[in-house]
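Novice: Pasting in a structure now, in structure tokens, and then I'll have a few things to ask.
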Amino acid sequence: MAEQSISQKIKEQIQASMSGMADLKHKTAMDAKKLETLNPNSTEYQTLRSQIRADDVSLRNMDNNPEVNKLREMQTGAQFGENVLGDGLGRAAGNADIESLRGQYNQMAQGYSGAEATARQEQAYQGINQATQTASRALQASLAKAGVRGGMAGSQLRDVQVQGMQQKANTQRDLFIAGEEAKRTGVNQLADFTTGILKYDQDQSAKEKDLVLQSAMGFAGMGVAERGASAAASASAAAAAAQKSCFVDGSMVEMEGGAKKNISTLKIGDLTALGGRVTATGVMEVDTELFKFNNSVATATHVIFEEGQWITLGDSKYAVSLGLHKTLVYPLNVENNIYLVDNRIHRNFTECEGAYDQEDALNKLNNDFSELTCLSVLESTLQATMPYSKPYSNLEIGHGREELSVPSRIWRFVTKYWSEPVVFSGDSGRI
């Protein structure tokens, strides 16, 4: 079985870290469907809506977990390193020349083969036979010359033959010992050869893993640096994006002169009726809870003015949750910080620089008594035109809708407020 790659191991770590995300997404989707069937004024509705928000935060935290992000970058780096290595640094095992040498050492480890032992024996026997024959002939000549015959001569000739047989026996012994020695030598050489190949291949494998790990850690380091640079360069924008405080397509902004314009089509420099010049626009993809008020739809963290104070749309008594949706939203900034959509007063999508603390921002806005008083008068006038009420929730996201016009006398009032400080008379709070 092939060894698992480093990138695959990192991928399994990511999957283990994200194991609960799919289940939580399914639960949140089911809760959102159930929420649509509940009475918005019921305790069960409020409890379930709070749970959906908490789960949505948990999902965002899971997806943006720094450790998981680091693992993702390491996986990318490991895959890059593995692709660069391709087939690797090479192995001794499997190489044709190496395997040929291994075969020779393996053959040596078997000792003398049958044919080789036979050949060695025959060669030794041939020499012994020749020596025995030569000795016998010399002895016979010597005995004849000496006149030795009969049993004495026969006895001496037998001794020569016996010596030849003893030499053959000694040869067999020596051949066996030499064969065993050759086998031991072959086994030792094969073991050393095999160990050398294994160590070489292990060293190659270790070098490959080290290169892949260096690539993985390098990508992770670059990811941390890039995220840090991005955060430093656009802290306010990142904070606003994290809050996702925006309208969906089709939300109609009141423009100067009483016209209305789809928020998705606004451009820098367009003049809004209440907010003055448009200073920033954008588009973001979100997967979060949306709320409907009157005929418009925005995210839960969108800031609106309601009954004398700034609140988030998710906390409005007159907004209805549409559940979780994945859609595009369009943040908006105007020079006067406030603008009108659907007869309601709305705040810029950014309210502070650096890390976005919405609760702190709302507290500061709600401590500006002068502005709150002015906006409360404006709110009362707007309610006379279109009173607050709970809308139906069956609204299709991302389509245009109509609004009522706001009387021109309101603009004169607001223009006076922003051009001249409001003066209070005594402690009565009258303007």
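Novice: Check the stretch 330-353 and report whether any residue there is of a type in the set (K, R), at pLDDT below 85 and in the same structural domain as D287 (by TED's automatic domain parsing).
Specialist: No, because not a single residue in the stretch 330-353 is of a type in the set (K, R), at pLDDT below 85 and in the same structural domain as D287 (by TED's automatic domain parsing).
Novice: Shifting gears a bit: Kindly indicate the residue of the stretch 295-327 that is assigned to a loop (DSSP other than H, G, I, E, B) and in contact with a Leu (Cβ under 9 Å, 6 or more places away or on another chain) and also nearest to K364 (Cα to Cα) among those meeting that condition.
Specialist: If we take residues in the stretch 295-327 being assigned to a loop (DSSP other than H, G, I, E, B) and in contact with a Leu (Cβ under 9 Å, 6 or more places away or on another chain), then G308 is nearest to K364 (Cα to Cα).
Novice: Show the residue pairs meeting these rules: Cβ distance below 9 Å; 6+ apart or different chains; first residue within the stretch 94-107 and on the phi > 0 side of the Ramachandran plot and assigned by TED's automatic domain parsing to the domain that holds L190; second residue among the basic types (K, R) and assigned to a helix (DSSP H, G or I).
Specialist: none
Novice: If the requirement is being of a type in the set (S, T, N, Q) and either without any contact (Cβ under 8 Å) to a residue 12 or more places away in the chain or in the same structural domain as D210 (by TED's automatic domain parsing) (or both), which of these qualifies: Q79, Q110, Q75?
Specialist: None of the others qualify; the one that does is Q110.
Novice: Restricting the first residue to the stretch 21-37 and requiring it to be in contact (Cβ under 8 Å) with a residue 60 or more places away in the chain and surrounded by 14 or more Cβ atoms within 10 Å (Cβ to Cβ), which pairs with a second residue that is of a type outside the set (A, V, I, L, M) and in a helix (DSSP H, G or I) meet a Cβ separation below 6 Å and a spacing of at least six or different chains?
Specialist: Here the result reads T28/D55, each pair linking the stretch 21-37 to a residue that is of a type outside the set (A, V, I, L, M) and in a helix (DSSP H, G or I).
Novice: Please tell me if M284 is touching a Pro at 6+ places or on another chain (Cβ under 8 Å), in the same structural domain as L375 (by TED's automatic domain parsing) and not basic (K, R).
Specialist: Yes; evaluated as a whole, the condition is true for this residue.
Novice: Do you know which residues across the stretch 328-339 are out of contact with any Cys (no Cβ under 7 Å at 6 or more places or on another chain) and either outside any strand (DSSP E or B) or surrounded by fewer than 18 Cβ atoms within 10 Å (Cβ to Cβ) (or both)?
Specialist: Listed by number, the residues that qualify are L328, E335, N336, N337.
Novice: Further, regarding this structure: For residues in the stretch 156-173 being free of Cβ contacts under 8 Å to residues at least 40 places away in the same chain and charged (D, E, K, R), which is surrounded by the most Cβ atoms within 10 Å (Cβ to Cβ)?
Specialist: Ranking the candidates gives D159 first.
Novice: In the stretch 9-46, what count of residues is obtained for those that are part of a helix (DSSP H, G or I) and among the polar types (S, T, N, Q)?
Specialist: Residues flagged as part of a helix (DSSP H, G or I) and among the polar types (S, T, N, Q) within the stretch 9-46 amount to 7.
Novice: Where residues in the stretch 105-134 are touching a Lys or Arg at 6+ places or on another chain (Cβ under 8 Å) and not in a helix (DSSP H, G or I), which of them is nearest to F193 (Cα to Cα)?
Specialist: A109
The values are calculated or read from the model by the stated rules, or taken from the named source; none is laboratory data. Quick caveat: nothing in here was measured; it's all calculated off a predicted structure. Using ideal geometry, Cβ is built from the backbone for each residue, glycine included, and neighbour counts are taken over all protein chains shown.
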